[in-house]
1. Please arrange 143, 158 by accessible surface area, largest first, computed with a 1.4 Å probe and ligands excluded.
2. Using only alpha carbon pairs under 8 Å that are at least six residues apart, calculate the relative contact order of the range 123-167 and give it in whole percent.
3. So what does residue 168 come to for accessible area, using a 1.4 Å probe and Å² rounded to 10?
4. In square angstrom, what is the accessible area per residue of the chain with a 1.4 angstrom probe?
5. Apply the Karplus parameterisation 6.51 cos²θ - 1.76 cosθ + 1.60, with θ equal to phi minus 60°, to every residue of the range 33-44 and state each ³J(HN,Hα) to the nearest whole Hz, in sequence, with x for glycine and proline.
6. Over the chain, what is the relative contact order in percent, taking alpha-carbon pairs closer than 8 angstrom and at least six residues apart?
7. Residue by residue, what Karplus-based ³J(HN,Hα) values in Hz, rounded to whole numbers, does the range 70-86 have, using 6.51, -1.76 and 1.60 with θ = phi - 60° and x for Gly and Pro?
8. Count the lysine pairs in the chain whose Cα atoms sit under 27 Å apart, keeping only pairs 8 or more residues apart in sequence or on different chains.
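The values are calculated or read from the model by the stated rules, or taken from the named source; none is laboratory data. Only a predicted model underlies this, so the values are computations on that prediction, with no experimental measurement involved. Glycine gets a Cβ as well: all are built from the backbone with ideal geometry, and neighbour counts include every protein chain shown. Accessible surface is based on the protein model in full, side chains and every heavy atom, while ligands, DNA and RNA are left aside. Shrake-Rupley method; radii C 1.70, N 1.55, O 1.52, S 1.80 Å.
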Amino acid sequence: MHNAFDIRAVLRQLPVRIESAVAYSDRLLLGTATGALLMYRVVEPTKDRALSISLMETKKAFARKAIEHLDVIKEAGVLVCLADGMVTLYDLHSLSGATPLNNTKGANLVAVHTGVDHIDGIPTLVSKLAVHAKRKLVVLEWRDAEFYKSLEYSAAERITAMQFASASLLVLSTAR
């Protein structure tokens, strides 16, 4: 039988508690309970070499409180960070240039989707970021790596989970 994944521990006994993680390309980003961000480089194993992981950078005061969620919109070069009830966007390559999304105060859920959509018959790379904040849902959209628009919707009920099923379908779970 074929196994699609190999499960193995790559980091053991870290001195901090990990709250969130995201992987892209050869990078692994870990958000901690103290608000630090750890960036690791992962080198895939080959016949001659075992899997290796090395700490590239530590940003100790990346967030004031625990980093609850990390996500990447690779095509737009954006790192999405949910901490202290607010979503902040960072430049993915430099991890600087913090852009807090003020309309996401009280945020507790984040979902990201990237895919090809045909807009006016032209294939376009569309990335969407959905944020649940208090009683509203904020959806931001990028087209071909350029910010396109932001929409806000009111939420009649408390949303407990959300996930994009496609570029145009966001599935929500409510408390009732």
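1. 158, 143
2. Relative contact order, the range 123-167: 33 percent.
3. For residue 168, the solvent-accessible surface is approximately 100 Å².
4. Each residue of the chain exposes 61 Å² on average to a 1.4 Å probe.
5. Per-residue couplings from phi come out as 5, 8, x, 7, 10, 10, 10, 10, 9, 10, 10, 4 Hz.
6. Values: 396 pairs, mean separation 20.5, N = 176.
This gives 12 percent for the chain.
7. 10, 8, 10, 10, 4, 5, 9, x, 10, 9, 9, 10, 9, 8, 6, x, 9
8. Lysine pairs meeting the criterion: 22.
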